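Here is the structure we will look at, set down as structure tokens.
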Amino acid sequence: MHQYRIAVIVGSLRRDSLNRKLADAIIKLAPPEFSFTQLKIDDLPHYNQDDDATPAASVLRLKADIAAADGLLFLTPEYNRSIPGVLKNVLDHASRPYGQSVWASKPAGILGVSVGAFGTSMAQQHLRNILAYLDVPTLGQPEAYIHAKEGLFDEAGNIGAGNRDFLQNWMNRYVAWVKRHQV
């Protein structure tokens, strides 16, 4: 059985991030042939094109982790109706220097949770636009703009009963998407 390695990119550095909590919970819904690794992004310098010739060790690690992955899973909060700067920094570092992007052809899924009623719909749309440019085939349906409300997670940190069917369906579609895009 093929083992699928998924790079998880959580676009929040906050210790109690809802999106990190969602990442931890959603991966439990995947089949056993899928393994997930949350990428370390808190030590990346701000992207500066002047550093392309001599990238920091953290940037080289990031690019190697993405290159080794069979797929990508993004979990993004929404800051000011867009993606957080830390997530944009990750996208820029791994796509540069020009012609050396490690994103191309990696199948991706996007999720996001927010206390706002619209979830992370605007951030996800902006992220989809960027990923399209980076040649990342992104799961289109079902969309998952998750409102953080009572019952989203149970006491053990798993997906709560009221959301489990929807998110299990999302994971099933994501798994099929990743498998379909393997070369």
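Here, each number is a calculation from the coordinates, and none is a lab measurement. As the structure is a computational prediction, the values presented were derived from the model and not from experiment. In this analysis, Cβ positions are derived from the backbone assuming ideal geometry, glycine residues included, and neighbour counts consider all displayed protein chains.
Of the trypsin sites (Lys or Arg not before Pro) found in region 56-128, those that fall in a DSSP loop while having at most 13 other beta-carbon atoms within 10 Å are Arg81.
Multiplying the residue separation of Ala64 and Asn129 by 0.36 nm and removing their Cα-Cα distance gives an extension gain of 21.0 nm. A simple rule links phi to the HN-Hα coupling: the Karplus curve 6.51 cos²θ - 1.76 cosθ + 1.60 with θ = phi - 60°, which for region 38-44 gives 6, 6, 7, 10, 6, 10, 6 Hz, with x for Gly and Pro.
When a/c reaches 1.5 or more, the comparison of a/b and b/c decides; with that in mind, is region 4-180 rounded, prolate or oblate per its Cα gyration tensor? Cα axes put region 4-180 in the prolate bin. Counting only residues at least eight positions apart within a chain, or on another chain, the lysines with an alpha carbon under 17 Å from that of Lys21 are Lys40, Lys149. Within the chain, the longest run free of chymotrypsin sites (Phe, Trp or Tyr not before Pro) that sit in a DSSP loop with at most 14 other Cβ atoms within 10 Å is 1-97. For a straight C-alpha distance cut-off of 17 angstrom, the aspartates and glutamates reachable from Lys28 (same-chain residues fewer than eight places away being disregarded) are Asp154, Glu155, Asp165. Round to the nearest 10 and give me the degree value, 0 to 90, for the angle of helix 161-180's Cα axis relative to the longest principal axis of the chain. The angle comes out at about 40 degrees. In terms of its alpha-carbon gyration tensor, region 26-115 comes out oblate; a/c meets the 1.5 threshold, while b/c is at least as large as a/b.
Residues whose amide H lies under 5 Å from that of Gly116, counting only those 5 or more places away or on a different chain, are Ala148; hydrogens are built 1.01 Å from N in the peptide plane.
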